[in-house]
Structure formats: C-alpha cells, structure tokens
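Worksheet for the structure shown next.
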C-alpha cells in the first residue's frame, strides 16, 4: 500500500509476539518500526527519541513503572504520538484507564494480522480502533468514549484462596512463608501463583504485589 509512512514503536515483553509483529509490520510499505522494546521505561525512552507516530503498548510488562504510568509521561514528551494498548485480556479496569489517557485504541492480542494492520491505518488516519470485545463494553458518542457499565476489577477473576495468597505476596512473604501462614504446601502456593499470573496476564511476583496493593488486597 502506498501512502504516508507511519513510524511505530512496539513495546511488548513477549519476545516471540514482539518479533513476529515487527516482522509483519515491516513488510508493509506504509509502516516503519523504529524501535521494538520490552519494558515501559524503554518505550518511554524510544518514543522520546523517535517522536514516533504510533506506540503499540502492551499493558502488562515488567519494569519499574506500569504501562499506564509510562503512557502518561509519553503524552508529555511526545504529545503527537498516538497510543494503542495491547492485552491478552479484555478487562474493564484496563479499558477505563486506557480511555482516561485518551488512548487511540485497545486491541486484543488474539486479533489477526489483518486486523492489526487495519487498526494501525485507522489510527494513522486520525480514527480510533478497538477490538470487538472492547467495543461491546463501550459507548462512542459526540462527547467521547466511555464504558457502558461501572468498571469490573480484575480481582474478581481470582478465587478467595488466590486473593489470600496474593495478599501475602504483597506483604513480602516467601512461598515457604505463605505456605506456613496458610497451612498449605509450597507446591500449592506455586499452583495458585501460576493460576493468578495466567488470569491477570502478569508475569512476575513484583507485578503481582503491585496489583495486590492497587486493588486493596493486602491483608492487615
């Protein structure tokens, strides 16, 4: 496709997904990936240097700041950069934060290559792009975009037992300490941690702890 070239920064901590998407985008004559990074901090740095037209930003990445915090700073250092959030999960709390930041879009990682390309071109043309599951949760009107219902927290995905484990993680307990505190085996603690990371699309204990604090799940 001929036309203006859209410069893109791609930020995702999953190397396989990041590399495959980069290779696919670079086959398009109107797309140019100027940086592919794996943390929110590196996304901020890359956009600051390149002043890219578009940032594809994974929501859940390890790092010293969250993707949403990085997005706020990016709006200041490069106000012309449009931000499209990527996620493996469609959660109301994520959608609300993306909308609050004036994001140009929110895409599920399950989208096809064609949908990603269409979304990028829509954003480059000054429009917004949302996955079908997201569109089902929002209203797009003359005054802007908003959620249909009150945001549902991701914590509701967790069982009561998982919430207890998560609270202990946030307090800094080791797996052995959690097992002793709850009267369960370390293997069971491991099982709960794996389930939580899958449900929440979080990939390390530090991010789990931050989530627990944010959601008020830290036990007294």
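The values are calculated or read from the model by the stated rules, or taken from the named source; none is laboratory data. For clarity, every value in this text was computed on a predicted model and none was experimentally measured. We place every Cβ from the backbone using ideal geometry, glycine too, and count neighbours over all the protein chains shown.
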Go through segment 25-37 and give me each residue that's closer than 27 Å to residue 202 by Cα and either modelled with pLDDT of 95 or more or not assigned by TED's automatic domain parsing to the domain that holds residue 118 (or both).
33, 34, 35, 36, 37
Quick check: is even one residue across segment 86-94 modelled with pLDDT of 90 or more, at negative phi and part of a strand (DSSP E or B)?
yes
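Can you name the residue in segment 195-210 that is in contact (Cβ under 8 Å) with a residue 40 or more places away in the chain and not in a loop (DSSP other than H, G, I, E, B) and is also farthest from residue 92 (Cα to Cα) among such residues?
Within segment 195-210, the match that is farthest from residue 92 (Cα to Cα) is 206.
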Looking at 57, 86, which is the one that is closer than 15 Å to residue 35 by Cα and within 10 Å of the chain's Cα centre (by Cα)?
57
Those residues of segment 182-194 which are surrounded by fewer than 17 Cβ atoms within 10 Å (Cβ to Cβ) and either touching a helix residue (DSSP H, G or I) at 6+ places or on another chain (Cβ under 6 Å) or part of a loop (DSSP other than H, G, I, E, B) (or both) amount to 183, 184, 185, 186
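From the list 156, 133, 115, which one is assigned to a helix (DSSP H, G or I), at pLDDT below 85 and under 30 Å from residue 54 (Cα atoms)? Lay out the reasoning, then the answer.
Working: 156 fails: under 30 Å from residue 54 (Cα atoms); 115 fails: at pLDDT below 85.
Result: 133 is the single residue among 156, 133, 115 that is assigned to a helix (DSSP H, G or I), at pLDDT below 85 and under 30 Å from residue 54 (Cα atoms).
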Of the residues in segment 136-153, those that are more than 21 Å from residue 90 (Cα to Cα) and either surrounded by 15 or more Cβ atoms within 10 Å (Cβ to Cβ) or modelled with pLDDT of 75 or more (or both) number 0
Of the listed residues (113, 38, 26), the one being touching a residue at least 24 places away in the same chain (Cβ under 8 Å) and surrounded by fewer than 18 Cβ atoms within 10 Å (Cβ to Cβ) is 113
Residue by residue through segment 55-85, note down the ones that are within 17 Å of residue 128 (Cβ to Cβ), in contact with a strand residue (DSSP E or B) (Cβ under 7 Å, 6 or more places away or on another chain) and part of a helix (DSSP H, G or I).
71
